[in-house]
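What follows draws every value from the coordinates through simple rules; no lab data is involved. Model, not experiment: these values are computed from the prediction. Note that each Cβ is placed from the backbone with ideal geometry, even for glycine, and that neighbours are counted across all protein chains shown.
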Amino acid sequence: DRHILFYDKENPSYWFGLDIPLVSFKNTLFYLKSYDDSGNLVRYPAIMDTPPYITFFADPVAPTVMSHFPRDGSTSQNTFDVQITVKEGKQESGLDESSINFNINGEAVTYFVEHDTALEENDSDFYYYRIYYPAVALADGEYDVSIEGVDFAMNDFSETSTTSHWTFIVDRAA
C-alpha cells in the first residue's frame, strides 16, 4: 500500500488528508512526501535534501464584464471596435488571454487585448482589459457577438454587470 502525503510544513506533525485549506489570493505551499512499500521515505529526485513541494494559488473570483460596445440596438456606423471591458483584481490570477473565444455571427474573429490604462489609473486595485475586434465596413444587418474567456484559475467571465453576448444592428440608412 503506497501513500503520498501533503504537509503544510517541511517537517510536519500531521497530514491534511483530503481537506486541504487554501487561503484566497495567497500562494499556499504544500510539501510532498511519499513512502515505498517498506515504509522508506522516497525523495524525488533522490538527490534533494528537502522534500518536493507544490504551490497552489486560490482565486475564487471571476473576471467581471464591465461594458460592451456597440450597445444593443442599432448604429448608423459601420467601422468601429466591437469590444468588451473585463475587470480583474490585481491580487487575482489574471486574465488568460489565450482562452478567449471572440465570435461574430458564429465565426471566430481575430481579436486584440490591451490594458485600459485610463480606467486602471482611476482604480488602482484592478486591471481592466479591453478585448476588441476592429470591424471595418460592416454591411447593414444584424450581428450576434459572443466573447468568452477565463482567468488563470479557470473562472469564466462573470456577467453580473453586463453581458458578453449581445446583438447589434448596422443600419446606415437610419
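For the reader, a short list of remarks on this structure follows.
- Separation of the Lys90 and Glu159 label points, Cα + 7 Å toward Cβ, nm: 3.1 nm
- Once the chain from Ser67 to Asp125 is taken as fully extended at 0.36 nm per residue, the excess over their C-alpha distance is 19.1 nm.
- Charge dipole (Cα centre; +1 on Lys/Arg Cβ, -1 on Asp/Glu Cβ; no other charges) of the stretch 119-174 amounts to roughly 240 debye.
- Total formal charge among the other residues, if their Cβ is under 15 angstrom from that of Gln91, Lys/Arg +1 and Asp/Glu -1: -4
- A cut-off under 15 angstrom between Cβ atoms defines the neighbours of Asn122, and their net charge, with Lys, Arg +1 and Asp, Glu -1, is -2.
- Ser24 paired with Val113, simple spin-label distance in nm, labels 7 Å along Cα-to-beta-carbon: 2.3 nm
- Pairs of alpha carbons in the stretch 47-174 whose separation is greater than 20 Å (percent): 49 percent
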